[in-house]
1. Going highest first, how would you order 185-192, 162-169, 287-294 by mean Cβ packing within 10 Å?
2. Counting only helical runs of four or more DSSP H residues, what would the 222 nm mean residue ellipticity of the chain come to if each run contributes -39,500 (n - 2.57) and the total is spread over all its residues?
3. Within the stretch 303-321, name every residue whose backbone N is under 13 Å away from a label modeled 7 Å from Cα of residue 111 along the Cβ vector.
4. Probe of 1.4 angstrom, ligands and nucleic acids ignored: what's the accessible area per residue over the chain, in square angstrom?
5. Near residue 152, within a Cβ-to-Cβ distance under 15 Å, what is the net charge of the other residues, with Lys and Arg +1 and Asp and Glu -1?
6. What is the mean projected area of the alpha carbon convex hull for the stretch 57-133, to one decimal in square nanometres?
7. Residues of the stretch 78-108 with amide nitrogen under 14 Å from the 7 Å Cα-to-Cβ point of residue 300?
8. At 25 °C and 0.890 mPa s, what whole-number value in µm²/s does Stokes-Einstein give for the translational diffusion of the stretch 207-321, with Rh from the Kirkwood sum over Cα pairs?
Amino acid sequence: MRLIWIAIAAAAAMLAGPASGQQWPARNVKLIVPYPAGGNVDSAARIVADKLQEKLGQPFVIENKAGAGGMIAGEAFAKSAPDGYTLFVGANGPVLFATEINKRDAYNWKKDFLPISTISMTPLVLEVHPSVQANTLKEFLDLAKREPGKLTMASPGPGTTNHLLSELMQSSLELQWVTAHYRGNAPAINDLLGGQVQFAFDQLTVSLQHIKAGLFRALAVTSPHRLKSLPDVPTFAELGYKDFDGQTFTGLFAPAGTPAPIVEKLHETLVAILKDPAVIDKFEKLGGEATPMTPGEFRAYLEREDAKWIPVVRKANIRAD
């Protein structure tokens with residue numbers, strides 16, 4: 001009799017395995033965000049969390065876990081159970097660069113993170129304080145060559161996409177300027193507004209309002225095409241600088257080993273959300289673009305970004321403060 005019950009239990013477990021993925025989510029889902037509330041990544045996470053809750057019928061709860069350039073959040077996520085109830089809304093720094101910059105083998109996105117889809121892409125804009133005698137990218141580069149070390153760039157922190165783009169440009173074009181690191185975009189932009197520094201590569205999310213108000217002069221954007229919000233500002237590519245196409249991505253990840261039915265359901269739902277005109281409009285107002293990808297496309301994108309930027313980190317010997 002005992003053997004019969006064991007056999008029945010085993011059969012039930014086999015049947016429940018695939019079904020559990022289809023029944024997901026049955027309770028709250030946690031979305032770990034590696035930055036404080038209010039920033040670009042947090043805003044993207046909250047947009048999709050509300051819609052995921054609406055479509056899947058369970059709360060998607062944001063947990064902001066800032067620190068160490070995103071490593072604290074990344075490490076906590078990498079140790080999570082692969083059951084679909086802990087997800088990660090990551091970006092370039094925490095996913096690709098943080099472990100290299102901090103010299104800590106806390107996690108490896110290639111084996112610990114399962115890419116679901118990109119959420120958004122936010123281009124950077126090269127912007128200067130009005131006191132800088134440059135109205136075009138060419139004039140800016142000529143000024144930097146003519147007076148090496150005189151200009152100061154405001155960086156939101158070591159190893160950010162903003163910082164890496166600056167290092168790549170200096171190395172590629174044999175330029176030299178001073179880099180002033182801040183603890184985030186807000187203090188960096190405050191000093192640019194005050195004229196204590198001369199320029200920045202910044203997320204459009206942060207700077208669009210200041211550009212439109214005439215407080216900054218936008219010279220070029222890193223997107224592959226001109227932006228609706230800044231139609232008169234050329235891209236680096238169209239000006240002949242195709243390597244300077246760095247953008248800040250936000251993306252959704254599950255822990256490695258998460259069941260395929262959950263991954264498929266997440267991806268299908270997220271893609272539908274990102275094609276919603278109201279959601280597209282929200283990201284455009286933030287200066288970004290809703291950008292769904294398949295898991296395979298997202299992994300390939302991360303591989304390309306890894307191959308492009310990690311050598312920049314190493315060549316510039318970028319370390320965490």
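1. Values: 185-192: 18.6, 162-169: 23.0, 287-294: 20.9.
Answer by packing, highest mean first, reads 162-169, 287-294, 185-192.
2. Numbers: 12 runs with 143 residues, N = 321.
That calculation yields -14000 deg cm²/dmol at 222 nm.
3. No residue qualifies, since no backbone N sits under 13 Å from the label point.
4. On the way: 14510 Å² over 321 residues.
For the chain, the per-residue accessible area is 45 Å².
5. Details: positive: 150; negative: 127, 147, 167, 191, 202.
Here the count lands on -4.
6. On the way: hull surface 32.2 nm².
Taking a quarter of the hull surface, the average projection is 8.0 nm².
7. Output list for this probe position: empty.
8. On the way: Rh = 17.0 Å.
Approximately 144 µm²/s, per Stokes-Einstein.
The values are calculated or read from the model by the stated rules, or taken from the named source; none is laboratory data. All figures in this text were calculated on a predicted structure; none of them were measured in a lab. We place every Cβ from the backbone using ideal geometry, glycine too, and count neighbours over all the protein chains shown. These area figures cover heavy atoms from the full protein model, side chains too; ligands, DNA and RNA do not enter into them. Shrake-Rupley method; radii C 1.70, N 1.55, O 1.52, S 1.80 Å.
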